[in-house]
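Trainee: Encoded as structure tokens, here's the structure I'll be asking about.
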Amino acid sequence: MSGQMSFADFKNSIATDAAPPAQLGKVLAALWRDQRGEWDAAHTLAQEDSGKEGAWVHAYLHRKEGDAPNAAYWYRLAGRPVASDSLTAEWEQIAKTLLACGK
């Protein structure tokens, strides 16, 4: 991502823009699409990132889908414990973490 976007700007983009900002990486674009109710598009973007960040978003998406075994697999690949907080809290944690590191 070129230049850092704040969490507030990211959420505003979700509410107002027709598409994710071009500077977002795949994992943040996946979270953007997820919040717009575009689970399939979000899942495709998460799958395209083979790193730990993509695995983390992938895990969140399968948890949201209700597929706990698949989510657990992706959490392992991400090197993260299976989340137990709300989906909203997890989404915010992922987004803030990825924004902070420019993903």
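Trainee: At 7 Å along Cα-to-Cβ for each site, give me the label-to-label distance between Asp40 and Asp17 in nm.
Mentor: 2.3
Trainee: What's the whole-number percent of alpha carbon pairs in the chain lying beyond 16 angstrom? Present the calculation step by step, with values, prior to reporting the outcome.
Mentor: Values: 2674 of 5253 pairs.
Counting pairs separated by more than 16 Å, the tail of P(r) holds 51 percent.
Trainee: Still on this structure, please answer the following. Suppose R0 equals 30 Å; then what is the FRET efficiency for Arg76 and Gln4 from their Cβ-Cβ distance, rounded to the nearest 0.05?
Mentor: Values: r = 29 Å, r/R0 = 0.97.
Here the calculated transfer efficiency is 0.55.
Trainee: So what is the 222 nm mean residue ellipticity for the chain from helices alone, if each DSSP H run of at least 4 adds -39500 (n - 2.57) and you divide by all residues, rounding to the nearest 500 deg cm²/dmol? If you can, show how the numbers build up before the last one.
Mentor: Working: 6 runs with 68 residues, N = 103.
For the chain, the value works out to -20000 deg cm²/dmol.
Trainee: Counting Lys and Arg as +1 and Asp and Glu as -1, what is the net charge of the other residues whose Cβ lies under 13 Å from the Cβ of Ala89?
Mentor: Overall, the nearby charge balance is 0.
Trainee: Report the relative contact order of the range 7-100, percent, no decimals, based on alpha-carbon pairs under 8 angstrom and at least 6 residues apart. Show your work: numbers first, answer last.
Mentor: Working: 103 pairs, mean separation 21.0, N = 94.
So the answer I get is 22 percent.
Trainee: Report, in debye and to the nearest 20, how large the dipole of the chain comes out about its Cα centre when Lys and Arg carry +1 and Asp and Glu carry -1 on their Cβ.
Mentor: Values: 11 positive and 13 negative charges, 49 e Å.
I would put it at about 240 debye.
Trainee: Please name which of Ala46, Tyr73, Ala8 has its Cα lying farthest along the dipole of the range 7-100 towards the positive end, using unit charges on Cβ (Lys, Arg +1; Asp, Glu -1) and the Cα centre as origin.
Mentor: Selected residue: Tyr73.
Where a number appears in this text, it was derived from the coordinates with a stated rule and is not lab data. The shown structure was predicted, so the numbers you read here are calculated from the model rather than taken from an experiment. All Cβ positions, even for glycine, are placed from backbone atoms using ideal geometry, and neighbour counts span all protein chains on display.
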